[in-house]
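Let me begin by presenting the structure, written as structure tokens, before commenting on it.
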Amino acid sequence: MDVSDLRKRILRALEDARKDAAVRRAAGDRAVAAYERFLADTAVPLFRQAATVLRAEGQPFSVNTPAGSVRLVSDHGAGDFLELELDSSSAEPQVIGRTSRVRGGRSPVVEERPVAPGKAIDDLTEEDVSIFLISEIQKLVAR
């Protein structure tokens, strides 16, 4: 193979890699912006409503909003919580729900799953979040 042909191919591959990285960065930026809107407009208010309902039923839970997530935490133990977080490690960023339970002084059992598999962040609804909350709250309050 001629050195000049190899050089042209390598330069083309480098340029393609730069373009792909720019596209991925732009998509990641859009996902972060959509996720921030989702947190502020949908997830945090719904988590607060859930905490109010749980407290009224004798299940003391609080809502924390650490940077980039929302967390419903049992007032009986900080190891018992459920939270939402942006997972941007995959090709298509998605909202991940994480549930942590501690029983009998053991290590926490942590489960993660997408809140609405295959659904774009912009398309997530209160219904999607409430379905996740209800299924996971059952795990936290079961003793």
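Coordinate-derived values only; no laboratory data. As the structure is a computational prediction, the values presented were derived from the model and not from experiment. For neighbour counting, all protein chains shown are included, and Cβ atoms are generated from backbone atoms with ideal geometry for every residue, glycine included.
In whole Å, how far is the Cα centre of segment 1-50 from that of segment 91-143? Here the two parts' Cα centres lie 25 Å apart. Normalised by residue count, segment 1-46 yields a Cα convex hull volume of 43 Å³ per residue. Dipole check for the chain: with +1 at the C-beta of Lys and Arg, -1 at the C-beta of Asp and Glu, and the Cα centre as origin, the magnitude is about 440 Debye.
Take the Cα of Glu127, step 7 Å toward its Cβ, do the same at Glu57, and the gap between the two points is 2.1 nm. Given the -39500 (n - 2.57) contribution per DSSP H run of 4+ residues, what per-residue ellipticity at 222 nm results for the chain, rounded to the nearest 500 deg cm²/dmol? Rounded to the nearest 500, it is -16000 deg cm²/dmol. If R0 equals 30 Å, the separation of the Cβ atoms of Thr65 and Arg106 corresponds to a calculated FRET efficiency of about 0.60. Evaluating kT/(6 pi eta Rh) at 4 °C and 1.567 mPa s, with the Kirkwood radius of the chain over Cα pairs in the Stokes-Einstein relation, gives 75 µm² s⁻¹.
The stretch between His76 and Ala21, if pulled fully straight at 0.36 nm per residue, gains 15.3 nm over its current Cα-Cα span.
Between helix 126-141 and the chain, what is the angle of the helix's C-alpha long axis to the longest principal axis, kept within 0 to 90° and rounded to the nearest 10? The answer is roughly 60 degrees. For the peptides 26-35, 72-81, residues were scored by their other Cβ atoms within 10 Å and the scores averaged per peptide; the highest-first order is 72-81, 26-35. Placing unit charges on the Cβ atoms of the charged side chains and taking the dipole of the chain about its Cα centre, the candidate lying farthest along the positive direction among Val32, Phe132, Ala13 is Ala13. Between Val3 and Asp41, the simple spin-label model (points 7 angstrom out along Cα→Cβ) gives 5.8 nm. Kindly identify segment 104-143 as rounded, prolate or oblate by the Cα gyration tensor criterion: order the square roots of the eigenvalues as a ≥ b ≥ c, call it rounded if a/c is under 1.5, otherwise compare a/b with b/c, prolate if a/b is larger, else oblate. Judged from the Cα gyration tensor, segment 104-143 comes out oblate (a/c at least 1.5, b/c at or above a/b).
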